[in-house]
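Working notes for the structure below.
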Amino acid sequence: MSEKPFIADHPLIQHKVTLLRDKNTGSKEFRELIQEITELLCYEATRDLPTCEVEVETPIAITHSRVIAGRKLAFVPILRAGIGMVDGAIELVPAAKVGHIGLFRDPETLKPVEYYCKMPGDIHERDVIVLDPMLATGGSAIDAINQIREFHPKSIKFMCIIAAPEGLNALQQAHPDVQIYCASLDERLNEHGYIVPGLGDAGDRIFGTK
Ligand code: PRP
Ligand code: URA
């Protein structure tokens, strides 16, 4: 049994995703929206972090209150487009370390081509959240998680902005233990492997290439 994916239904996320989809949204605003949506998704993806009680003195009284119990996180963006999500994630969890996986999707075969992998040295002590705005066929996410598994992290989650049903199913089949968080589950892939309605090419829109 695979983990049930988290598909956001929060009005703030829906509003920001609509602005992202708009082809007239320029790179500056696109980057800001990706960052904001990532922060909101991170809020959900960190909901199960354990806490412990500590003593704290307020200006009024001494009390007991909770803090995060030393759980270590690492974010791993899939290059390039995943880089757009790092600032939002780090904003919420400043102590997290960051690994990088370089992959691009061959435009003919749609298969992932690996070109870079660098993980924090203590990744085996960390819970990993993989970041990539787009889950299309799922090939890139599956390959990235295969690579990350070789470093034996404590757990792996996957966070994206837009998922296609095809990619969601493929990722769940390949890695049933990986909890998926996404801002929108779209209709389908087109004949070129792009998500419909989607938002186009995330990397190009973040970095202003094309
Ligand atoms: C995009 C996206 C994912 C991948 C998704 O990257 O950021 O990594 O495609 O497609 P898939 O689920 O079918 O594998 P792309 O290959 O365009 O590279 P880029 O981020 O360098 O632009
Ligand atoms: N990669 C993207 O950037 N967009 C898609 O729709 C599919 C893959």
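The values are calculated or read from the model by the stated rules, or taken from the named source; none is laboratory data. In this text, all values refer to a predicted model and were calculated from it rather than measured experimentally. With ideal geometry, Cβ positions are generated from the backbone for all residues, glycine too; neighbour counts draw on all protein chains shown.
For region 97-133, which positions are surrounded by fewer than 24 Cβ atoms within 10 Å (Cβ to Cβ) and under 14 Å from the mean Cα position of the chain (by Cα)?
If the condition is that a residue be surrounded by fewer than 24 Cβ atoms within 10 Å (Cβ to Cβ) and under 14 Å from the mean Cα position of the chain (by Cα), then 98, 99, 100, 127 are the ones that fit.
What are the residues in region 165-198 that are within 10 Å of ligand 1 (Cβ to nearest atom) and of a type in the set (Phe, Trp, Tyr), if any?
194
Checking the conditions here, which among 66, 31, 47, 71 is in contact (Cβ under 8 Å) with a residue 12 or more places away in the chain, in a loop (DSSP other than H, G, I, E, B) and not hydroxyl-bearing (Ser, Thr, Tyr)?
The match here is 71.
Suppose the filter is in contact (Cβ under 8 Å) with a residue 40 or more places away in the chain, surrounded by 14 or more Cβ atoms within 10 Å (Cβ to Cβ) and more than 24 Å from residue 47 (Cα to Cα); does residue 203 pass it?
yes
Tell me the strands (runs of 3 or more DSSP E) entirely within region 100-157 that contain at least 1 residues that are without any contact (Cβ under 8 Å) to a residue 60 or more places away in the chain and either farther than 23 Å from residue 87 by Cα or acidic (Asp, Glu) (or both).
On the way: elements: 100-105, 112-118, 127-131.
Per the criteria, 112-118, 127-131.
Can you tell me which residue in region 158-209 is nearest to ligand 2 (Cβ to nearest atom), limited to those that are in a strand (DSSP E or B) and of a type in the set (Phe, Trp, Tyr)?
That would be 158.
Report yes if residue 6 is modelled with pLDDT of 95 or more and surrounded by 18 or more Cβ atoms within 10 Å (Cβ to Cβ), otherwise no.
no
With the requirement that a residue be touching a residue at least 24 places away in the same chain (Cβ under 8 Å) and more than 28 Å from residue 71 (Cα to Cα), what does region 164-183 give you?
First, pick out the residues of region 164-183 that are touching a residue at least 24 places away in the same chain (Cβ under 8 Å): 164, 166-183.
Across region 164-183, the qualifying residues are 164, 166, 167, 169, 170.
Scan region 74-99 residue by residue and report those that are away from ligand 2 (no atom under 16 Å from the Cβ) and not in a loop (DSSP other than H, G, I, E, B).
Initially, region 74-99 is screened for residues away from ligand 2 (no atom under 16 Å from the Cβ), giving 74-76, 86-99.
Answer for region 74-99, where residues must be away from ligand 2 (no atom under 16 Å from the Cβ) and not in a loop (DSSP other than H, G, I, E, B): 74, 75, 76, 86, 87, 88, 89, 90, 91, 92, 97, 98.
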